[in-house]
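Taken together, the values in this text are just the output of simple stated rules run on the coordinates, not laboratory data. As the structure is a computational prediction, the values presented were derived from the model and not from experiment. Here the Cβ is made from the backbone with ideal geometry for all residues, glycine too, and neighbour counts use every protein chain on show.
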């Protein structure tokens, strides 16, 4: 296998070649850029990117292809969303800083978002708040049950607070400590009830930020404008 070096500029050649690949040539191209070279952490990314671009161009050359520039933009966003941002709920944007070279594009650099995005942000902030409140309520119930259960346990094992390491389950430990825990489980050892832990803090910056959004404050100095 060939070793890719900076001097070879192989990646640039892949991208140039990718634009001219047909469906018939595609399997050979993908096989070649993937297996002909000894890839490292960075070069495999170039190979996969070139392969994805070649696939799109090859499909576009098919009689069913021939997409417009607008469709190409949809294709790009489809790839971005389904490759890296499949869980995004409120929208995304790409900023071309080359436009800063031209004064007519000043409006593209204003701190604004559309009313549609603003509506989605408020809706998602409310969802986050509702889920956080539900988790907090569940924690309070579990905490109350824990206090009851640990009281019963201490009555049964009065030395609990002096020997918590003996009765509590491991949160983390060495290989030997995990083996000891497995041994206890096999012997039906009675562990102490596990104390629930809080995952939502209503005084946290994140929680308060969600409240601010729901109340109508657009974050970070932005304003919402008509589409």
_Helix axis angle, 26-35 relative to the chain longest principal axis, alpha carbon, degrees_ = 60 degrees
*Would you mind classifying region 59-102 by shape? Square roots of the alpha carbon gyration tensor eigenvalues, ordered a ≥ b ≥ c; an a/c under 1.5 is rounded, otherwise it is prolate if a/b is larger than b/c and oblate if not.*
oblate
_Test of understanding: extend the Cα→C-beta vector of residue 147 to 7 Å, then name every residue of region 182-203 with backbone N under 18 Å from that spot._
193-199
*Computed over the Cα atoms of region 115-225, what is the convex hull's projected area averaged over all directions, in nm²?*
10.6 nm²
*How much length is gained on full extension from residue 95 to residue 162, taking 0.36 nm per residue of separation minus their Cα-Cα distance?*
18.1 nm
*Fully extended, how many nm does the chain gain between residue 31 and residue 102 (0.36 nm per residue separation, minus their Cα-Cα distance)?*
21.3 nm
_At 0.36 nm per residue, and after removing the present C-alpha to C-alpha distance, how many nm does the segment from residue 126 to residue 85 gain when stretched out fully?_
12.7 nm
*In degrees, nearest 10, range 0 to 90: what is the angle between the Cα axis of helix 205-214 and the longest Cα principal axis of the chain?*
60 degrees
*GNM on the chain, C-alpha springs below 10 Å: top fluctuator among 211, 53, 80?*
53
*If one computes the Cα centroid of region 148-181 and of region 12-53, what distance in Å separates the two points?*
56 Å
*Using a simple spin-label model with points 7 Å from Cα along the Cα→Cβ vector, what separation in nm is obtained for residue 202 and residue 9?*
6.3 nm
_Value at 222 nm in deg cm²/dmol, rounded to 500, when DSSP H runs of n ≥ 4 in the chain each add -39,500 (n - 2.57)_ = -17500 deg cm²/dmol
_Spread of Cα-to-Cα distances over 5 Å intervals beginning at zero, given as percent, for region 2-80_ = 3, 15, 24, 23, 17, 10, 6, 2
*Can you tell me which of 84-92, 22-30 comes out highest on packing, and rank the rest after it, using the mean Cβ neighbours within 10 Å?*
22-30, 84-92
_region 201-227 residues near the modelled residue 140 label - backbone nitrogen below 14 Å, point 7 Å along Cα→Cβ_ = 201-203
*Considering the zone a paramagnetic label at residue 24 would reach in this model (a point 7 Å from Cα along the Cα-to-Cβ line), which residues of region 37-58 have amide N under 20 Å from it?*
54-58
*By how many degrees, between 0 and 90 and to the nearest 10, does the Cα long axis of helix 69-83 differ from the longest principal axis of the chain?*
30 degrees
*asked:* Would the chain count as rounded, prolate or oblate if I go by the C-alpha gyration tensor, calling it rounded below 1.5 in a/c and otherwise prolate when a/b exceeds b/c, oblate otherwise?
replied: oblate
